[in-house]
1. Can you give the relative contact order of segment 400-533 as a percent, counting alpha carbon pairs under 8 Å and 6+ residues apart?
2. For n ≥ 4 DSSP H runs only, could you compute -39500 (n - 2.57) per run for the chain, divide by its residues and tell me the 222 nm figure to the nearest 500?
3. Nearest 0.05, what FRET efficiency do Arg478 and Asp366 give at R0 = 22 Å with Cβ-Cβ as r?
4. So, with a 1.4 angstrom probe, what is the percent of accessible area on the chain that is carbon and sulfur?
5. Hey, could you get me the Stokes-Einstein D for segment 164-254, Kirkwood radius over alpha-carbon pairs, 4 °C and 1.567 mPa s, rounded to whole µm² s⁻¹?
6. How far, in nm, would the chain grow between Thr87 and Ile268 when pulled straight, counting 0.36 nm per residue and subtracting the alpha carbon separation?
7. Zone of Thr143 (label point 7 Å along Cα→Cβ, backbone N under 15 Å): which residues in segment 189-207?
8. For Gln40 paired with Thr389, estimate the spin-label separation in nm (one decimal), with each label point 7 Å from Cα along the Cα-to-Cβ line.
Amino acid sequence: MGLKYSRRFLALVFIVVFANFHGLNYAEKAFAAPKYSFIQEATSAPEVSFYDYIVIGGGTAGCPLAATLSTRDAKVLVLERGGSPYTNTTKIRMENFISTLTDDSPNSISQSFISEDRVPGNRARVLGGGTVINGGFYSRAETLFLKEAGIDEALANESYEWVEKKIVYKPRAFQWQTAVRNGLLEVGVLPDNGFTFAHLNGTKTSGTLFDKNGNRHTAADLLEYANPTMIKVYLHAVVHKITFTTKDGQRPKADGVIFYDANGGRHIAYSKHESNNRSEIILSAGAIGSPQLLMLSGIGPAARLRSLGIKVVLDQPMVGREMADKPSNGLLIPYPTHIPLSLITVVGINKISNYFESFNGFDLSDLSGSGGAQPQSSNPSQEALANSTTNQAFLVQTIFGPISKGYLELQNTNVSDNPKLRFNYFQAAVDLRRCVSGMQTIINVVNSDSLSRFRFRNMTTQDLINMTVNRAANLRPRNPNATTSLEQYCIDTVMTFWHYHGGCQIRKVVDRDYKVLGLDQLRVIDASTFSFSPGTNPQATILMLGRSMGRRILQSRRR
């Protein structure tokens, strides 16, 4: 018996040593994805079905919302246009962040688009939504946002904690992140707030969706909270429109959803209790998907809808308006020696609401609007950069808001096609002034003692500016002044930080209960309702919103 167990022990030790010797992590190999009996392909859905709550979009808001709604006597359906993040968990590991985000193959979990501003972007098409393809940074919203959104602070805190217990981690200490934190403190982004989820002026370390082994945890993991007998999730279920009943003298009432499966099969799910308002359809398709689907369903600017042959249910000119994206600008920083890669875990927030973040160790050529072309130079440090695409960091700044707004407009009636998007980056002068101020701070951080050992000694900040202009992640023309004027630099090198919001804003498209104005039994619960992007990263707040609104809906159901 003793010999038998000794052999097992030695075998286990051998596996662990072998894994570590070859650069693998045994814990990561043992990572087990949740197994949900209620998640199925939409091809298995009946042609007609009935539910208390139909949630369109199993993303950052949709998953916590649906999980919460299913815990009472309510039958919940989630329709997700993408697949499962658990099919290949290697794709969502930390080291594959850039390659997964930029994978634009037909069945990828990221759908790319180019805005009218000539800035490339991405939107998720996967269960878990943006939490599956983003940088994983987790930080709560400022109190101002909760007041603006009409969310009770106590309920918000409870909802944040509900999320954090399942999918949020305290990050490891990374060399680059530590250096950036020290550099921010050195140039006056104070105080040092240590580790905290709270939105505070100064420099802090916050949460991450990546565990210590680099495994990503997503909103889809929150479905573990769901009652498996009361929820159904269909994958590759593409919703084409919401249907309405209209009676003379009464407001239109959402009563069903038409969706198609991967084989082109047509299905319709109806509200179970149409007569007593205990059933609802809830749009959680994201800042781009929700206004797009409202328009395709006949809710939007009447003239534009009629021009596309869409029957107008409600003339609502504010659908698709007030679209915004937090602009991002920064500096590429090549470094001479290899250090471990890291995604954002440290943020600096100054008094004029610039946010400073960084990541390192990734091949950023796929994000480059120049197709990854290296600048031509005899500078040895630039030649070193060309030979090592991962020995580089990106130190970025974003701004509060922003003030600049744009629009979303249908290009056709195909729900799988991207709508026309314009964000009007830096249209508001205050946004441009903040960018210039933020870039000045970034230059100071790059020149700080804390970052000195990560710099090529013969490479100046002007060299970094020139390099970043050449490799800017957009398709905009380069003005000759971009390397000498920070105003022009901001305009020419702007990129998305993927914090899209607007299009279905509170008090303009939905009320403070997130019910669509002028309609019954239809809500929108996601970032499309935001008037500004909360915190340094909105994902924590979108997750919280799904949970807290689920609780509010259940409370109203009891009445």
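1. It rounds to 20 percent for segment 400-533.
2. Result for the chain, helices only: -8000 deg cm²/dmol.
3. For R0 = 22 Å, the calculated efficiency reads 0.65.
4. About 50 percent, which is the carbon plus sulfur part of the accessible surface.
5. 72
6. That works out to 62.5 nm of additional length.
7. Output list for this probe position: 198-201.
8. Distance between label points: 4.3 nm.
The values are calculated or read from the model by the stated rules, or taken from the named source; none is laboratory data. Fair warning: this is a prediction, and the values are worked out from it, not measured in the lab. Positions of Cβ are backbone-derived with ideal geometry, glycine not excepted, and every protein chain shown enters the neighbour counts. Accessible surface areas use protein heavy atoms only, side chains included; no ligands, DNA or RNA. Shrake-Rupley method; radii C 1.70, N 1.55, O 1.52, S 1.80 Å.
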